[in-house]
Amino acid sequence: MSDLVLAIETSCDETAASVVEAARLVRSSVVSSQVDQHARYGGVVPEVASRAHVELLVPVVAEAMVAAGVEGRDLAVVAATTGPGLVGSLLVGVSAAKALSLSWDVPFVAVNHLEAHLYAALLEEPDLEMPMVVLLVSGGHTMLVVMEDHGRYRLLGSTLDDAAGEAFDKVARYLGLGYPGGPAVDHLALDGDRSAYSYPRALVQENPATLSGDRRYAFSFSGLKTAVVNHLRSDPDASTVDVVASFQEAVVDALVTKARWAIEETGVRAACLGGGVAANSRLRERFTEICEGAGARAFLPPPSMCTDNAAMVAAAGWWQFRREGPSPLDTGADPNLGLNLIG
Ligand code: KG4
Ligand code: ZN
């Protein structure tokens, strides 16, 4: 049997398809971003997104298959992201994947988008040592997870309010930097002084023992966003590059501090990043430093695998198929799908 997986990803505003062999060799990865169609609204418009997926999906899948040099009958699995995400967007990819699975007579596998982000690092390093700590930071989620094994995830903590990417997008929007805000802030911050302003680091104190239970690994970014907005209102002449550099440093500080606690407390030997914010240059730098300091190997997926793509969906789908076999063809899109957690 072949080890080729065709995966389709349409959970938000990227229409993506990819063919990956044995969860490690990316034969093709096509990502068609709709960013230009949403930018003028300052964020993703669900109706615009689903319509664009309908238009783009067939050419994107065809390109992925041609670039990989494969045909339907060569595939072992057709996988698709079934959630979480925008329901109208998810439905486009899920329906297409099921139709292809039926017409090619190839098993269908329903993939969780969060699980796919966890697998981005494993694409490059399939032999990563588990258990490992994964910091998953995207536009919709911020969570610290211990990956005990394939399919076995333990949640240490998540955000109590905004996701890290959401904070980047909101601050960028206030500053008129366009959508999505993360890459713009990352770029501008390179010229700024990150210690110019001291913004709050919520739920981060010197001694993790002083933070009890659920709060130890929890994150909170909405107060930080408000602090930046209040600062700009009271000091409209503040240097934009210094503001974004100081804001970014506060986000990164909170993220890496808790990642370090998690590595130290669990004693894992490996840690990795996932999700769109994992493309952030300062987060990558600081995460590498804290892993070295804590004696764990750091794995950073290339930025193109951090933001939404279908190669990570193919990798997660391949491992899932090996564990659990095909998913029922009546599996639907689930906008609120959570990670299947243990413990
Ligand atoms: O994982 P992703 O592509 O989509 C979701 O599943 O949410 O993440 C998108 C998020 C956006 O909030 C975007 O601003 C952020 O990732 N992002 C970044 C960078 N590149 C993307 N944030 C900070 N720095 C970046 N370089
Ligand atoms: Zn994502």
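The values are calculated or read from the model by the stated rules, or taken from the named source; none is laboratory data. Only a predicted model underlies this, so the values are computations on that prediction, with no experimental measurement involved. Reconstructed Cβ throughout: ideal geometry from the backbone, glycine too, with neighbour counts over all protein chains shown.
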**OP:** Check the stretch 103-114 and report whether any residue there is out of contact with any Ser or Thr (no Cβ under 7 Å at 6 or more places or on another chain) and under 30 Å from residue 144 (Cβ atoms).
**Re:** yes
**OP:** Return the residue satisfying two criteria in turn: it lies in the stretch 1-25 and is of a type in the set (Val, Ile, Thr) and under 23 Å from residue 105 (Cα atoms), and of such residues it is nearest to ligand 2 (Cβ to nearest atom).
**Re:** 10
Original post:
Do we find that residue 298 is assigned by TED's automatic domain parsing to the domain that holds residue 168, on the phi < 0 side of the Ramachandran plot and not in a helix (DSSP H, G or I) in this structure?
Top reply: yes
Subject >> Residue count, the stretch 80-99 (criterion: more than 16 Å from ligand 2 (Cβ to nearest atom) and among the hydroxyl-bearing types (Ser, Thr, Tyr)) >> reply: 1
**OP:** Could you pull out the residue among 140, 42 that is within 22 Å of the chain's Cα centre (by Cα) and on the phi < 0 side of the Ramachandran plot?
**Re:** 140
**OP:** Please tell me if residue 95 is assigned to a helix (DSSP H, G or I) and touching a residue at least 12 places away in the same chain (Cβ under 8 Å).
**Re:** no
Original post:
Taking only pairs six or more apart or across chains, which ones have beta-carbon atoms under 7 Å, a first residue in the stretch 177-198 that is touching a residue at least 60 places away in the same chain (Cβ under 8 Å), and a second residue that is more than 9 Å from ligand 1 (Cβ to nearest atom) and of a type in the set (Lys, Arg)?
Top reply: 179/173
Original post:
So residue 75 fits all but one of (1) surrounded by 22 or more Cβ atoms within 10 Å (Cβ to Cβ); (2) within 16 Å of ligand 2 (Cβ to nearest atom); what number is the exception?
Top reply: (2)
Original post:
Has the stretch 127-134 got any residue that is within 30 Å of residue 290 (Cα to Cα), within 16 Å of ligand 2 (Cβ to nearest atom), touching a residue at least 60 places away in the same chain (Cβ under 8 Å) and not aliphatic (A, V, I, L, M)?
Top reply: no
Original post:
Which is surrounded by 21 or more Cβ atoms within 10 Å (Cβ to Cβ) and not aromatic (Phe, Trp, Tyr), of 19, 58, 45?
Top reply: 19
**OP:** Select from the stretch 1-19 the residues that are of a type in the set (A, V, I, L, M, F, W, C) and closer than 22 Å to residue 84 by Cβ and list them in ascending order.
**Re:** 5, 6, 7, 8, 12, 16, 17
Original post:
How about the stretch 323-343: which of its residues are among the charged types (D, E, K, R) and in contact with a His (Cβ under 8 Å, 6 or more places away or on another chain)?
Top reply: 323
Original post:
Could we say that residue 102 is in contact (Cβ under 8 Å) with a residue 40 or more places away in the chain, away from ligand 2 (no atom under 13 Å from the Cβ), surrounded by fewer than 19 Cβ atoms within 10 Å (Cβ to Cβ) and outside the structural domain of residue 227 (by TED's automatic domain parsing) here?
Top reply: yes
Original post:
Where in the stretch 1-51 are there strands (runs of 3 or more DSSP E), lying wholly inside it, with at least 3 residues that are out of contact with any Pro (no Cβ under 9 Å at 6 or more places or on another chain), farther than 17 Å from residue 113 by Cβ and not hydroxyl-bearing (Ser, Thr, Tyr)?
Top reply: 25-33
**OP:** Would you mind stating whether residue 133 is within 30 Å of residue 319 (Cα to Cα), away from ligand 1 (no atom under 12 Å from the Cβ) and either β-branched (Val, Ile, Thr) or under 14 Å from the mean Cα position of the chain (by Cα) (or both)?
**Re:** yes
Original post:
So how many residues does the stretch 137-157 have that are more than 14 Å from ligand 1 (Cβ to nearest atom) and in a strand (DSSP E or B)?
Top reply: 12
**OP:** Name the one entry in 144, 114 that is crowded, with 18+ Cβ neighbours inside 10 Å and not assigned by TED's automatic domain parsing to the domain that holds residue 250.
**Re:** 114
Subject >> Which numbered condition residue 128 misses (of (1) touching a Leu at 6+ places or on another chain (Cβ under 9 Å); (2) modelled with pLDDT of 95 or more) >> reply: (2)
Original post:
Within the set of pairs 6 or more residues apart or between chains, which connect a residue that is within 15 Å of residue 254 (Cα to Cα) and modelled with pLDDT under 95 inside the stretch 135-154 to a residue that is assigned to a strand (DSSP E or B) and of a type in the set (D, E, K, R) with Cβ atoms less than 8 Å apart?
Top reply: none
